[in-house]
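This report concerns only the one structure given below.
The values are calculated or read from the model by the stated rules, or taken from the named source; none is laboratory data. Remember, predicted model here, so these are calculated numbers, not experimental data. Positions of Cβ are generated from backbone atoms using ideal geometry, with glycine treated the same way; all protein chains shown enter the neighbour counts.
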Amino acid sequence: MTDTMKCPTCNSEHAYQDRDLWVCPECGHEWSGAADAVADTAQAAGVRDANGNLLADGDSVIVIKDLKIKGSSSVVKGGTKVRNIRLQDASDGHDIACKIDGIGAMNLKSEFVRKA
Ligand SMILES: [Zn+2]
């Protein structure tokens, strides 16, 4: 996809890539290319549950497998319903912040829950 980018300003097909930037020779517009596009795509993809459904703040989810809680002997049982989740950025994959009855505040991985 090095020579098929159209200029977002004038729609010219003659834009070319210069390092991280795309440059349009017809109107002079410059914009950033691939790196930002990838980041935008990841964000647009959102946080999805085990079934691929999009999750949102305030959703209720159900834990689909027993989850051992790090640093404690407690286990969140599969089938536990979790209300009012909050989505968060997490480099370790724990992208859901929530509070579980009897356990307290914790972080879950979206791949281990499904939308209630
Ligand atoms: Zn242009």
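Structural remarks
- Residue check, SER72 more than 16 Å from the ligand (Cβ to nearest atom) and modelled with pLDDT of 95 or more: no
- Of all residues making up the range 91-105, the number that are in contact with a Leu (Cβ under 9 Å, 6 or more places away or on another chain) and assigned to a strand (DSSP E or B): 4
- Of all residues in the range 102-116, those being in contact with a strand residue (DSSP E or B) (Cβ under 9 Å, 6 or more places away or on another chain) and more than 12 Å from VAL61 (Cβ to Cβ) number 4.
- First in the range 17-45 and under 16 Å from LYS6 (Cβ atoms), second anywhere and assigned to a helix (DSSP H, G or I) and modelled with pLDDT under 65, Cβ under 9 Å, 6 or more apart: GLN17/ALA34
- Once the range 61-116 is narrowed to residues that are of a type in the set (Ser, Thr, Tyr) and more than 19 Å from ARG48 (Cβ to Cβ), the residue that is surrounded by the most Cβ atoms within 10 Å (Cβ to Cβ) is THR80.
- Only listed residue being touching an Asp or Glu at 6+ places or on another chain (Cβ under 6 Å) and free of Cβ contacts under 8 Å to residues at least 60 places away in the same chain, chosen from ILE85, ILE69: ILE85
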